[in-house]
1. Here's a check for you: in the stretch 67-81, which residue that is more than 14 Å from the chain's Cα centre (by Cα) and either surrounded by 16 or more Cβ atoms within 10 Å (Cβ to Cβ) or at pLDDT 95 or above (or both) is nearest to ALA195 (Cα to Cα)?
2. Can you tell me which residue in the stretch 187-207 is nearest to ARG64 (Cα to Cα), limited to those that are in a loop (DSSP other than H, G, I, E, B) and open to solvent by 30 Å² or more (accessible area, probe 1.4 Å)?
3. Scan the stretch 47-66 for residues that are open to solvent by 70 Å² or more (accessible area, probe 1.4 Å) and over 21 Å from the mean Cα position of the chain (by Cα) and report the count.
4. Can you name the residue in the stretch 123-140 that is touching a helix residue (DSSP H, G or I) at 6+ places or on another chain (Cβ under 9 Å) and within 22 Å of GLU11 (Cβ to Cβ) and is also most open to solvent (accessible area, probe 1.4 Å) among such residues?
5. Scan the stretch 129-186 for residues that are touching a residue at least 24 places away in the same chain (Cβ under 8 Å), among the hydrophobic types (A, V, I, L, M, F, W, C) and part of a loop (DSSP other than H, G, I, E, B) and jot them down.
6. What are the residues in the stretch 1-46 that are open to solvent by 60 Å² or more (accessible area, probe 1.4 Å), hydrophobic (A, V, I, L, M, F, W, C) and under 21 Å from ASN73 (Cα atoms), if any?
7. As an exercise: evaluate ALA132 against (1) of a type in the set (A, V, I, L, M, F, W, C); (2) in contact with a strand residue (DSSP E or B) (Cβ under 8 Å, 6 or more places away or on another chain); (3) modelled with pLDDT of 95 or more and give the number of the one condition it does not meet.
Amino acid sequence: NTDTGQVFIQEDWRYNWNLWPGVTAAWTHTQKAATHRRIDRQVWGLWSNRIRLGVSGNSDIARRLMAGGARVNFDVRWSLRPTAHWTVTVWKMPPSAGATSLHRSFVQHQSRRIELNTADLLPRGAGNSAGASTANFLTAPHEYGHTIGPTGNNLGDEYGALSTHLGDTHSMMNIGRDIRRRHMDQVVAALNRMAPGTTFNANRLPL
């Protein structure tokens, strides 16, 4: 929005509501709506209203936004269209299932596919290859991070032994909840293609 300086990134997710083997109670509409709401609120809560991009350049947009920067918000919209950005399978797990005990959530870029499960959608414990751990990891915002950048590049998993950011345990793409400058590389690149004469940057964020 060139008047308010707000960047709004909205992804359309088309859900497949699946039952894990042994689960017999069908998804109700209320359960589906509550699950989407949980995902959307977690993404909004950890990604939105936390970033203000720097703006420079000689365009009218740049001059309007230069002083205050551009605020960035992120949103997930439930879509029924086959043209949705992502196809998201959500597994209803048995009540006794722990997070990642039967199924591990993931994002697959080539097929534009996401898999989540109900056990993973609650705050949970998580650890990385350096032996660090947390009790309040949120899976959905982490997986969302993979969707705004190619896995293996700026938004690959950072909790593995080969990651150069393994020690940054507060990072969203590690086991934390914080956004880093590197996480915004693809967003900044897209904005710079969209607005001639305007250059965006995420220099206000930690590297």
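1. Top of the filtered list is ALA70.
2. GLY197
3. Adding up the residues that qualify gives 5.
4. Among them, the one singled out is LEU138.
5. ALA130, ALA132, LEU138, ILE148, LEU155, ALA161, LEU166, MET172, MET173, ILE175, ILE179, listed by residue number.
6. Passing the criteria: PHE8, TRP44.
7. Result: ALA132 passes all but (2).
The values are calculated or read from the model by the stated rules, or taken from the named source; none is laboratory data. Computed from a prediction, not measured in an experiment: that's the story for all the values here. Note that each Cβ is placed from the backbone with ideal geometry, even for glycine, and that neighbours are counted across all protein chains shown. The accessibility values were calculated without ligands, DNA or RNA, using every heavy atom of the protein model including side chains. Shrake-Rupley method; radii C 1.70, N 1.55, O 1.52, S 1.80 Å.
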